[in-house]
Amino acid sequence: MQPYRSRFGSKPIITLMMAFLLLVVSPLPGRALAEQAANAKPAFTQIIAGTYYSAALRNDGSVWVWGRNLWSELGIQEQAVSTSVAAPVRLAGLTDIVALSTNKSGYQLAVKRDGTIWEWGTSLEDVKKGILPRQLNPLSGMSNAIAGTAFGFGLRSDGTVWAWPRSKEPSAGGAEVTVLPAQVSGLANVEQITSVGDTVYVQKSDGSVWQFAAKLDTSASGSNEQVQLTTPAKIAGLPAVRQFAPYYNGALVIDLKGQTWKVEWNSGAKPKLFHPELKVKTISIGANSLTLLLTQSGAVYSVDRFNSTDKGKKIRLATPIQAIAAGAYHGLALDGEGRVFGWGADNWNETGGPAKSPDHMVYAPMQIRRDITMTANGKPLATIFPAIMEGSSISVPLKDALRSIGGDYQVTVNGNAQSVMTISYKGKQYAVQYQGSQVLLNGVASGVTVPANSGSASGVTMMPCGVLKKIGISCTWNAQTGTLAITG
């Protein structure tokens, strides 16, 4: 990789003097900025969707994940135990993130504000052993990254493109790993990159699109494996491109006028207009036939790109949409207020909320469950499970919440073959039982009810904060910042 060169050039002393004078004559804004950040309303800024899972980037640089974790897609565990997550949970180890990418098959990349690249998700070697978020050295100076199948690809701030084989090192608690990046020769002035598997499409500033592919020479073994990059070739016959959205046997293209074109690699035919009645702003290609179109007016249409007779379906969303993401069988939409809506298949909670239909489908878009930051005695709560809000009630993962403040619990079976949960906290014990939706503490009604769909979520025991308050544990909810402070 190229060494970092200061943007101050040959005048560092003058620049430092000017900076010093500014500090002398200007009041320090640090405290004010810190107070603004502490009370800022969280909002999502980017969404991605894979096969039965989803992720979103928030304006504070944090990453939130939900949906299937059967193959360690979410990056929350090294050894997959929880098979799905029912609401957005903050991904530990990632801060100050500015861009996300997924290969839609369980592997994700993120770009940090400092230009470094981080990975998480399904391992190349063992899908049951996940990768916790970890930095990829020596990658730096990146403005965007694309998650491939066996490779990762990055766009540097100088407009050059780089490729590297994915690391086969097992996850070691999020410890950084080293990759071997190679610059793709013959490419400059690149503005966007995207891929299908390890075939990459780059869009230059003049609107042209170029293609190259990456593979490993498997005739060698171990560390002697060689990266092979094909020579980038310009794709002929395209109009000047605003967005290029490829799939395995073709692509959808938005030109500078907002018209969408369909290109098929194998037919040799010229590009054909695709839904010319729509002025399209953005396209999101799903893992299968699902395709979402976002119009310049903020409307969203779902189309089957393989069905030439499909007229498309307008998704019923109440507010204009800023961004879209198509998974295999579900869709996501992000509005101007930073709210995320999900619809489609919800077998693994991938839409972000409980499916109200018995066939596990979300037919009308609904806002995903609230993203809740949990703290315990002023520190981030160490948990891979989310808090669940139902109405005015918030339930928390009981074991992690209790242990973070010195408590614990165990479950036994009494003589009537009933399960009895015993909470231990500050030298006292509390027997917890359920009578319908009512929670009993030591056999007495607590006045707290268990909301539907939250008693057990993501394969973990959840407990309403109202019960914890009954035994002396404080739960303070800040609706502005989305923070639940647990103290005890």
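The values are calculated or read from the model by the stated rules, or taken from the named source; none is laboratory data. From a predicted model like this one, the values you see are computed outputs, not experimental measurements. Here the Cβ is made from the backbone with ideal geometry for all residues, glycine too, and neighbour counts use every protein chain on show.
Exactly one condition in (1) in contact (Cβ under 8 Å) with a residue 60 or more places away in the chain; (2) outside any strand (DSSP E or B) is false for PHE153; which is it?
Looking at each condition in turn, PHE153 falls short on (2).
State whether the residues of the stretch 425-436 include one that is farther than 17 Å from GLY472 by Cα, touching a Ser or Thr at 6+ places or on another chain (Cβ under 9 Å) and free of Cβ contacts under 8 Å to residues at least 12 places away in the same chain.
The answer is yes, given that some residue of the stretch 425-436 is farther than 17 Å from GLY472 by Cα, touching a Ser or Thr at 6+ places or on another chain (Cβ under 9 Å) and free of Cβ contacts under 8 Å to residues at least 12 places away in the same chain.
Can you find even one residue in the stretch 244-253 that is β-branched (Val, Ile, Thr) and surrounded by 12 or more Cβ atoms within 10 Å (Cβ to Cβ)? Please lay out each step first, then the result.
Looking only at the stretch 244-253, we keep the residues that are β-branched (Val, Ile, Thr), and these are 253.
Still in the running and surrounded by 12 or more Cβ atoms within 10 Å (Cβ to Cβ): 253.
Yes, some residue in the stretch 244-253 is β-branched (Val, Ile, Thr) and surrounded by 12 or more Cβ atoms within 10 Å (Cβ to Cβ).
Suppose the filter is in contact (Cβ under 8 Å) with a residue 60 or more places away in the chain, surrounded by 14 or more Cβ atoms within 10 Å (Cβ to Cβ) and not in a strand (DSSP E or B); does GLY331 pass it? Break it down into steps so the answer makes sense when it comes.
Numbers: in contact (Cβ under 8 Å) with a residue 60 or more places away in the chain: yes; surrounded by 14 or more Cβ atoms within 10 Å (Cβ to Cβ): yes; not in a strand (DSSP E or B): no.
Judged against the criteria, GLY331 is not a match.
Among (1) hydrophobic (A, V, I, L, M, F, W, C); (2) modelled with pLDDT of 95 or more; (3) within 31 Å of the chain's Cα centre (by Cα), there is one condition LEU216 misses while meeting the rest; what is its number?
Every listed condition holds for LEU216 apart from (2).
In the stretch 401-433, how many residues are surrounded by 12 or more Cβ atoms within 10 Å (Cβ to Cβ) and over 26 Å from LYS379 (Cα atoms)?
5
What pairs come out if I take residues in the stretch 272-300 that are on the phi < 0 side of the Ramachandran plot and without any contact (Cβ under 8 Å) to a residue 12 or more places away in the chain and pair them with residues that are surrounded by fewer than 23 Cβ atoms within 10 Å (Cβ to Cβ) and not acidic (Asp, Glu) whose C-beta lies under 6 Å away, six or more apart or interchain?
Cβ pairs passing all conditions: LYS272/LYS262.
Taking interchain pairs and intrachain pairs at least six residues apart, which have beta carbon atoms under 7 angstrom, with the first residue in the stretch 86-102 and on the phi > 0 side of the Ramachandran plot and the second at pLDDT 95 or above and in a loop (DSSP other than H, G, I, E, B)?
Here the result reads ASP96/GLY61; ASP96/ARG113, each pair linking the stretch 86-102 to a residue that is at pLDDT 95 or above and in a loop (DSSP other than H, G, I, E, B).
Does any residue of the stretch 180-196 turn out to be over 22 Å from the mean Cα position of the chain (by Cα), closer than 30 Å to GLN77 by Cα and either outside any strand (DSSP E or B) or not assigned by TED's automatic domain parsing to the domain that holds ASN103 (or both)?
Checked against the condition, which is being over 22 Å from the mean Cα position of the chain (by Cα), closer than 30 Å to GLN77 by Cα and either outside any strand (DSSP E or B) or not assigned by TED's automatic domain parsing to the domain that holds ASN103 (or both), the stretch 180-196 yields at least one hit.
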